[in-house]
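Just so it is clear, none of the values below were taken in a lab; they were calculated from the coordinates. What you see is a predicted model, and the numbers here were worked out from it, not measured in a lab. Methodologically, a virtual Cβ is constructed for each residue, glycine included, from the backbone with ideal geometry; neighbour enumeration extends over all protein chains shown.
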């Protein structure tokens, strides 16, 4: 790996350069148990008491890795190499299971439940402070509703940005996989809106849906329904119908690119009427140029108008 240099302009207009040094990964043979995670996080909290306590630490690198839409064949080569190089692998249990064939016995695997995102990041930081090179895996792309932002927020809070080496490996987002399953639905401007109000107030989601519907975007919906959230998709549909024709082509794709993939092509009026809709479902609503032909959903890019196709 080559040394990476980043340049940026600060508010004063001066150019500054930051160097991110990469260190070699070390394989370890320690067994992992629940106390390992707790002790690591306790050590991290103890180390926060003084800035001077971090001066002599040789940090391991933390790599944020997008694992794609779920099938291991869609991992990038860079992602596979990064996973192989790290001694500690951290992630939601489902994501670790999806990449289990890539993991070696000597690598530590720290499994976490859903909603344990903060604990995952704290464990990654703690392991880095112990000199371990850590992979934090995140479904899709780690920078799209993933772990990258939270980790950076915590590092900033702990004054560790610029101290802990970081790397970010892109992953294939679920909406890209879903689009490929139905042709070319996002050939023009689009937006992605999550209906989960766990971290975002529903009032904000409503505003985004309203503005998106007025802008003639292709609209991609993440997290349309869960075990506890039953009505958000219907509410979202009603907002969109104020500005979008009820017959607008729409696609529902569950488990995109996986062996159990399911696809329904329908219209906006009916997007909330199907049993396959869950947290693993992506909904794509076309724009005013979108049409359906032989199960392909096609959004015009504009070539027809420009070149008289």
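Treat the count of other C-beta atoms within 10 Å as a stand-in for reagent exposure and order 211, 217 from fewest to most.
211, 217
Hey, quick one: spin label on residue 241, modelled 7 Å out along Cα-Cβ, who in region 269-307 has an amide N within reach, i.e. under 20 Å?
Inside the label zone: 269-278, 283-288.
May I ask you to derive the FRET efficiency for residue 307 and residue 229 from their Cβ-Cβ distance with R0 = 41 Å, giving the value to the nearest 0.05?
My answer for the efficiency is 0.35.
Using all alpha carbons of region 175-298, what is the percent of pairwise distances in each 5 Å bin, ordered from the shortest bin to the longest?
Calculated P(r), rounded to whole percents: 2, 12, 24, 26, 21, 11, 3, 0.
What's the exposure ranking of 90, 298, 83, going from fewest to most Cβ atoms within 10 Å?
The most exposed by this proxy come first: 298, 83, 90.
Residues of region 113-137 with backbone nitrogen within less than 17 Å of a virtual label 7 Å along the Cα-to-Cβ line of residue 153, please, listed as ranges.
Correct set: 114-125.
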